[in-house]
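Working notes, beginning with the structure itself.
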Amino acid sequence: MGRVERENIPEGDGRGSEVGHVPVLLPEAIDFLAVKRGGSYLDATVGLGGHSCEIAKRLGAQGRLIGCDKDPQALQVAQARLTGADSGDWPEIRLEQGSFAQVGKWAEKASLDGMLADLGMSSLQLGNAERGFSFQAEGPLDMRMDPYEERTAEQVVNRLDEPTLADVIYEYGEERRSRRIARAIVRSRPIRSTAHLAEIISAAARPMNQAERRIHPATRTFQGIRIFVNRELDDLRELLQVAPRLLKPGGRLVIISFHSLEDRIVKDAFREGLTKGYYRVLTKKPVTAGEAEIAVNPRSRSAKMRAAEKVLKG
(Lines give C-alpha, C1' and ligand atoms only; values in the text may rest on other atoms or scores of the structure.)
Protein backbone atom coordinates (compact mmCIF):
# COMPACT_ATOMS: atom_id res chain seq x y z
CA MET A 1 0.00 0.00 0.00
CA GLY A 2 1.39 3.39 -0.95
CA ARG A 3 1.70 6.00 1.76
CA VAL A 4 2.23 9.68 2.40
CA GLU A 5 4.24 10.61 5.46
CA ARG A 6 3.42 14.04 6.86
CA GLU A 7 6.77 15.41 7.96
CA ASN A 8 6.70 18.90 9.49
CA ILE A 9 3.70 20.14 7.52
CA PRO A 10 1.84 22.79 9.54
CA GLU A 11 -1.91 22.34 9.66
CA GLY A 12 -3.95 24.38 7.22
CA ASP A 13 -7.38 24.43 5.66
CA GLY A 14 -6.18 23.22 2.28
CA ARG A 15 -7.96 26.01 0.42
CA GLY A 16 -6.90 26.29 -3.17
CA SER A 17 -7.10 22.59 -4.00
CA GLU A 18 -9.29 23.44 -6.95
CA VAL A 19 -6.98 26.12 -8.31
CA GLY A 20 -6.23 25.41 -11.97
CA HIS A 21 -2.46 25.16 -11.74
CA VAL A 22 -0.84 23.60 -14.81
CA PRO A 23 2.67 22.18 -14.37
CA VAL A 24 5.09 23.78 -16.81
CA LEU A 25 7.09 21.63 -19.27
CA LEU A 26 5.68 18.50 -17.62
CA PRO A 27 6.42 15.89 -20.34
CA GLU A 28 9.89 17.33 -20.94
CA ALA A 29 10.76 17.36 -17.23
CA ILE A 30 9.64 13.74 -16.80
CA ASP A 31 11.61 12.67 -19.88
CA PHE A 32 14.83 14.29 -18.68
CA LEU A 33 14.40 12.85 -15.18
CA ALA A 34 14.22 9.38 -16.78
CA VAL A 35 12.31 8.10 -13.75
CA LYS A 36 13.34 4.57 -12.74
CA ARG A 37 10.82 2.20 -11.22
CA GLY A 38 11.79 1.66 -7.59
CA GLY A 39 14.02 4.73 -7.60
CA SER A 40 14.38 7.59 -5.14
CA TYR A 41 13.51 11.14 -6.26
CA LEU A 42 13.22 14.62 -4.81
CA ASP A 43 10.76 17.25 -5.98
CA ALA A 44 12.36 20.33 -4.44
CA THR A 45 9.37 22.54 -5.23
CA VAL A 46 6.41 20.21 -4.90
CA GLY A 47 3.91 23.08 -5.10
CA LEU A 48 0.45 21.70 -5.86
CA GLY A 49 1.86 18.29 -6.76
CA GLY A 50 1.62 18.32 -10.55
CA HIS A 51 5.14 17.14 -11.32
CA SER A 52 5.20 14.91 -8.22
CA CYS A 53 2.13 12.96 -9.32
CA GLU A 54 3.72 12.13 -12.66
CA ILE A 55 6.95 11.05 -10.96
CA ALA A 56 5.05 8.91 -8.44
CA LYS A 57 3.09 7.11 -11.16
CA ARG A 58 6.36 5.77 -12.54
CA LEU A 59 8.03 4.74 -9.27
CA GLY A 60 5.92 1.84 -8.09
CA ALA A 61 5.55 0.56 -4.53
CA GLN A 62 9.29 0.13 -4.06
CA GLY A 63 10.01 3.74 -5.01
CA ARG A 64 10.40 6.80 -2.81
CA LEU A 65 9.54 10.43 -3.43
CA ILE A 66 10.51 13.34 -1.19
CA GLY A 67 8.63 16.57 -1.81
CA CYS A 68 9.46 19.87 -0.17
CA ASP A 69 8.12 23.38 -0.43
CA LYS A 70 8.33 26.60 1.54
CA ASP A 71 4.58 27.12 1.29
CA PRO A 72 2.58 25.07 3.86
CA GLN A 73 -0.70 25.85 2.11
CA ALA A 74 0.63 24.40 -1.14
CA LEU A 75 1.82 21.31 0.71
CA GLN A 76 -1.68 20.75 2.09
CA VAL A 77 -2.99 20.72 -1.48
CA ALA A 78 -0.17 18.45 -2.66
CA GLN A 79 -0.77 16.07 0.22
CA ALA A 80 -4.45 15.72 -0.66
CA ARG A 81 -3.62 15.22 -4.32
CA LEU A 82 -0.90 12.64 -3.73
CA THR A 83 -3.01 10.77 -1.16
CA GLY A 84 -6.02 10.83 -3.47
CA ALA A 85 -3.96 9.23 -6.20
CA ASP A 86 -2.91 6.40 -3.86
CA SER A 87 -3.02 2.86 -5.23
CA GLY A 88 -1.53 -0.52 -4.51
CA ASP A 89 1.44 0.39 -6.70
CA TRP A 90 2.04 3.81 -5.15
CA PRO A 91 5.47 4.78 -3.76
CA GLU A 92 6.43 5.99 -0.31
CA ILE A 93 5.96 9.77 -0.28
CA ARG A 94 7.42 12.10 2.30
CA LEU A 95 6.51 15.80 2.36
CA GLU A 96 8.60 18.43 4.12
CA GLN A 97 7.85 22.11 4.72
CA GLY A 98 10.88 24.30 4.19
CA SER A 99 13.34 25.67 1.66
CA PHE A 100 15.05 23.37 -0.81
CA ALA A 101 18.28 24.86 0.49
CA GLN A 102 17.77 22.37 3.35
CA VAL A 103 17.57 19.24 1.18
CA GLY A 104 20.74 17.88 2.78
CA LYS A 105 18.61 17.30 5.92
CA TRP A 106 16.08 15.15 4.07
CA ALA A 107 18.25 13.11 1.72
CA GLU A 108 21.47 11.21 2.32
CA LYS A 109 24.63 11.39 0.25
CA ALA A 110 24.37 9.59 -3.12
CA SER A 111 20.80 8.49 -2.34
CA LEU A 112 18.80 10.12 -5.14
CA ASP A 113 18.16 8.98 -8.70
CA GLY A 114 16.83 12.38 -9.62
CA MET A 115 16.01 15.89 -8.44
CA LEU A 116 13.54 18.38 -9.90
CA ALA A 117 13.03 22.06 -9.07
CA ASP A 118 10.35 24.17 -10.75
CA LEU A 119 11.27 27.66 -9.59
CA GLY A 120 8.08 29.34 -10.74
CA MET A 121 5.31 30.64 -8.50
CA SER A 122 2.06 28.73 -8.26
CA SER A 123 -1.38 30.03 -9.18
CA LEU A 124 -2.29 29.41 -5.53
CA GLN A 125 0.15 32.13 -4.49
CA LEU A 126 -0.52 34.61 -7.28
CA GLY A 127 -4.28 34.18 -7.12
CA ASN A 128 -4.60 34.92 -3.40
CA ALA A 129 -4.46 38.69 -2.84
CA GLU A 130 -3.86 38.12 0.88
CA ARG A 131 -0.43 36.68 0.08
CA GLY A 132 0.68 40.03 -1.34
CA PHE A 133 2.46 38.74 -4.45
CA SER A 134 0.35 40.46 -7.08
CA PHE A 135 0.33 44.15 -7.98
CA GLN A 136 -3.03 43.66 -9.69
CA ALA A 137 -5.04 43.29 -6.49
CA GLU A 138 -5.32 45.03 -3.13
CA GLY A 139 -3.49 43.05 -0.47
CA PRO A 140 -1.00 43.27 2.39
CA LEU A 141 2.69 43.72 1.62
CA ASP A 142 3.71 40.21 2.54
CA MET A 143 5.20 38.17 -0.37
CA ARG A 144 6.48 35.39 1.90
CA MET A 145 6.37 31.91 0.41
CA ASP A 146 6.98 30.62 3.93
CA PRO A 147 4.63 32.53 6.28
CA TYR A 148 6.85 31.59 9.23
CA GLU A 149 9.78 33.63 7.94
CA GLU A 150 10.30 37.00 9.59
CA ARG A 151 11.14 39.25 6.62
CA THR A 152 8.12 40.66 4.75
CA ALA A 153 7.72 42.98 1.80
CA GLU A 154 6.27 45.58 4.17
CA GLN A 155 9.55 45.63 6.09
CA VAL A 156 11.59 45.90 2.90
CA VAL A 157 9.49 48.71 1.46
CA ASN A 158 9.23 50.76 4.66
CA ARG A 159 12.52 50.13 6.47
CA LEU A 160 15.37 49.80 3.97
CA ASP A 161 17.33 52.97 3.31
CA GLU A 162 16.99 54.41 -0.16
CA PRO A 163 20.35 53.19 -1.63
CA THR A 164 19.83 49.65 -0.34
CA LEU A 165 16.26 49.56 -1.63
CA ALA A 166 17.44 50.77 -5.03
CA ASP A 167 20.08 48.02 -5.08
CA VAL A 168 17.45 45.36 -4.30
CA ILE A 169 15.20 46.57 -7.10
CA TYR A 170 18.09 46.76 -9.56
CA GLU A 171 19.87 43.52 -8.65
CA TYR A 172 16.88 41.23 -8.19
CA GLY A 173 14.32 42.97 -10.40
CA GLU A 174 16.72 44.02 -13.17
CA GLU A 175 14.90 47.36 -13.14
CA ARG A 176 17.06 50.11 -14.66
CA ARG A 177 14.89 52.84 -13.10
CA SER A 178 15.57 51.49 -9.62
CA ARG A 179 16.90 54.74 -8.13
CA ARG A 180 13.91 56.73 -9.27
CA ILE A 181 11.51 54.09 -7.95
CA ALA A 182 13.32 53.76 -4.61
CA ARG A 183 13.23 57.53 -4.15
CA ALA A 184 9.48 57.60 -4.80
CA ILE A 185 8.88 54.74 -2.36
CA VAL A 186 10.87 56.36 0.44
CA ARG A 187 9.05 59.68 -0.05
CA SER A 188 5.66 57.93 0.10
CA ARG A 189 6.19 55.99 3.32
CA PRO A 190 4.44 54.41 5.10
CA ILE A 191 3.15 52.07 2.38
CA ARG A 192 0.71 49.42 3.58
CA SER A 193 -0.72 47.62 0.54
CA THR A 194 0.26 46.10 -2.79
CA ALA A 195 -2.08 48.43 -4.67
CA HIS A 196 -0.56 51.49 -3.00
CA LEU A 197 2.97 50.31 -3.86
CA ALA A 198 2.01 49.57 -7.46
CA GLU A 199 0.48 53.04 -7.79
CA ILE A 200 3.68 54.70 -6.52
CA ILE A 201 5.88 52.68 -8.87
CA SER A 202 3.61 53.33 -11.86
CA ALA A 203 3.78 57.08 -11.25
CA ALA A 204 7.58 57.01 -10.88
CA ALA A 205 8.30 54.76 -13.86
CA ARG A 206 5.80 55.57 -16.57
CA PRO A 207 6.46 53.60 -19.78
CA MET A 208 8.36 55.69 -22.32
CA ASN A 209 7.99 53.49 -25.40
CA GLN A 210 6.00 50.60 -26.84
CA ALA A 211 8.36 47.96 -25.44
CA GLU A 212 7.90 49.25 -21.89
CA ARG A 213 4.12 49.34 -22.31
CA ARG A 214 4.00 45.58 -22.81
CA ILE A 215 4.54 44.92 -19.10
CA HIS A 216 3.15 46.65 -16.02
CA PRO A 217 5.58 49.26 -14.61
CA ALA A 218 5.57 47.48 -11.23
CA THR A 219 6.46 44.02 -12.59
CA ARG A 220 10.23 44.15 -12.10
CA THR A 221 10.10 45.94 -8.75
CA PHE A 222 7.66 43.39 -7.33
CA GLN A 223 9.89 40.61 -8.65
CA GLY A 224 12.95 42.14 -7.01
CA ILE A 225 11.28 42.58 -3.64
CA ARG A 226 9.83 39.05 -3.76
CA ILE A 227 13.18 37.45 -4.56
CA PHE A 228 14.85 39.41 -1.77
CA VAL A 229 12.14 38.58 0.78
CA ASN A 230 12.36 34.85 0.04
CA ARG A 231 16.14 34.66 -0.50
CA GLU A 232 15.38 32.84 -3.72
CA LEU A 233 18.75 33.16 -5.44
CA ASP A 234 20.73 32.26 -2.31
CA ASP A 235 18.56 29.18 -1.83
CA LEU A 236 19.04 28.18 -5.48
CA ARG A 237 22.81 28.43 -5.16
CA GLU A 238 22.70 26.22 -2.05
CA LEU A 239 20.55 23.64 -3.82
CA LEU A 240 22.93 23.52 -6.78
CA GLN A 241 25.91 23.24 -4.47
CA VAL A 242 24.55 20.22 -2.56
CA ALA A 243 22.90 18.44 -5.51
CA PRO A 244 26.05 16.62 -6.76
CA ARG A 245 26.56 15.09 -3.33
CA LEU A 246 22.98 13.83 -3.08
CA LEU A 247 22.71 12.32 -6.56
CA LYS A 248 23.79 8.78 -7.36
CA PRO A 249 26.04 8.29 -10.39
CA GLY A 250 23.64 8.47 -13.32
CA GLY A 251 21.19 10.58 -11.31
CA ARG A 252 19.49 13.46 -13.09
CA LEU A 253 19.04 17.11 -12.03
CA VAL A 254 16.31 19.10 -13.79
CA ILE A 255 15.73 22.81 -13.10
CA ILE A 256 12.95 24.97 -14.55
CA SER A 257 13.59 28.71 -14.18
CA PHE A 258 11.50 31.73 -15.08
CA HIS A 259 13.86 34.69 -15.36
CA SER A 260 17.41 35.38 -16.44
CA LEU A 261 18.86 35.63 -12.92
CA GLU A 262 17.83 32.05 -12.11
CA ASP A 263 18.75 30.66 -15.49
CA ARG A 264 22.21 32.21 -15.35
CA ILE A 265 22.91 30.62 -11.96
CA VAL A 266 21.78 27.21 -13.21
CA LYS A 267 23.76 27.49 -16.45
CA ASP A 268 26.93 28.47 -14.57
CA ALA A 269 26.53 25.61 -12.06
CA PHE A 270 26.08 23.05 -14.85
CA ARG A 271 29.04 24.47 -16.74
CA GLU A 272 31.18 24.20 -13.62
CA GLY A 273 30.05 20.61 -13.10
CA LEU A 274 30.93 19.79 -16.68
CA THR A 275 34.39 21.38 -16.33
CA LYS A 276 35.10 19.55 -13.07
CA GLY A 277 33.88 16.26 -14.48
CA TYR A 278 30.92 15.43 -12.26
CA TYR A 279 28.12 16.43 -14.67
CA ARG A 280 27.16 15.57 -18.18
CA VAL A 281 24.99 18.43 -19.43
CA LEU A 282 21.91 17.09 -21.22
CA THR A 283 20.61 20.43 -22.56
CA LYS A 284 23.04 22.42 -24.69
CA LYS A 285 20.35 25.10 -24.87
CA PRO A 286 17.46 25.54 -22.45
CA VAL A 287 14.26 23.68 -23.31
CA THR A 288 11.32 26.03 -23.75
CA ALA A 289 7.58 25.59 -24.14
CA GLY A 290 6.04 25.07 -27.55
CA GLU A 291 3.24 27.11 -29.03
CA ALA A 292 0.59 24.59 -27.97
CA GLU A 293 1.62 24.70 -24.31
CA ILE A 294 1.89 28.49 -24.31
CA ALA A 295 -1.63 28.75 -25.73
CA VAL A 296 -3.00 26.63 -22.87
CA ASN A 297 -0.67 27.95 -20.16
CA PRO A 298 0.68 31.47 -20.90
CA ARG A 299 2.98 31.44 -17.84
CA SER A 300 5.06 28.77 -19.59
CA ARG A 301 6.25 31.38 -22.10
CA SER A 302 9.15 32.46 -19.87
CA ALA A 303 10.09 28.97 -18.62
CA LYS A 304 13.55 27.57 -19.37
CA MET A 305 14.53 24.05 -18.42
CA ARG A 306 18.08 22.73 -18.07
CA ALA A 307 19.14 19.19 -17.17
CA ALA A 308 22.35 17.44 -16.18
CA GLU A 309 23.41 13.91 -15.25
CA LYS A 310 25.78 12.98 -12.42
CA VAL A 311 28.74 11.04 -13.80
CA LEU A 312 31.10 10.78 -10.82
CA LYS A 313 30.80 10.37 -7.08
CA GLY A 314 30.56 13.75 -5.31
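Here is how the numbers come out for the structure above:
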{"read-out": "Failed item, numbered, when G104 is tested on (1) small (G, A, S); (2) modelled with pLDDT of 95 or more; (3) part of a helix (DSSP H, G or I)", "value": "(2)"}
{"read-out": "Condition check for A289: modelled with pLDDT of 95 or more, surrounded by 19 or more Cβ atoms within 10 Å (Cβ to Cβ), within 30 Å of I215 (Cα to Cα) and in contact with a strand residue (DSSP E or B) (Cβ under 6 Å, 6 or more places away or on another chain)", "value": "no"}
{"read-out": "Among the candidates V229, V156, V168, V266, residue that is buried (at least 20 other Cβ atoms within 10 Å of the Cβ), of a type outside the set (D, E, K, R) and under 28 Å from E28 (Cα atoms)", "value": "V266"}
{"read-out": "Matching residues, the range 55-87, being of a type outside the set (A, V, I, L, M, F, W, C) and assigned to a loop (DSSP other than H, G, I, E, B)", "value": "G60, Q62, G63, K70, D71, D86, S87"}
{"read-out": "Selection status of R144, surrounded by fewer than 17 Cβ atoms within 10 Å (Cβ to Cβ) and assigned by TED's automatic domain parsing to the domain that holds Q223", "value": "no"}
{"read-out": "Checking G38 against (1) in contact with a strand residue (DSSP E or B) (Cβ under 8 Å, 6 or more places away or on another chain); (2) surrounded by fewer than 23 Cβ atoms within 10 Å (Cβ to Cβ), the condition it does not meet", "value": "(1)"}
{"read-out": "Flag for I55 being crowded, with 19+ Cβ neighbours inside 10 Å, touching a Phe, Trp or Tyr at 6+ places or on another chain (Cβ under 8 Å) and closer than 17 Å to L26 by Cβ", "value": "yes"}
{"read-out": "Residues (in a loop (DSSP other than H, G, I, E, B) and among the hydrophobic types (A, V, I, L, M, F, W, C)) located in the range 111-137", "value": "L119, M121, F133, F135, A137"}
{"read-out": "Any hit, the range 175-194, residues being in contact with a strand residue (DSSP E or B) (Cβ under 7 Å, 6 or more places away or on another chain), among the small types (G, A, S), surrounded by 15 or more Cβ atoms within 10 Å (Cβ to Cβ) and under 30 Å from Q102 (Cα atoms)", "value": "no"}
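The values are calculated or read from the model by the stated rules, or taken from the named source; none is laboratory data. From a predicted model like this one, the values you see are computed outputs, not experimental measurements. Every residue, glycine as well, gets a Cβ built from its backbone with ideal geometry; the counts of neighbours run over all protein chains shown.
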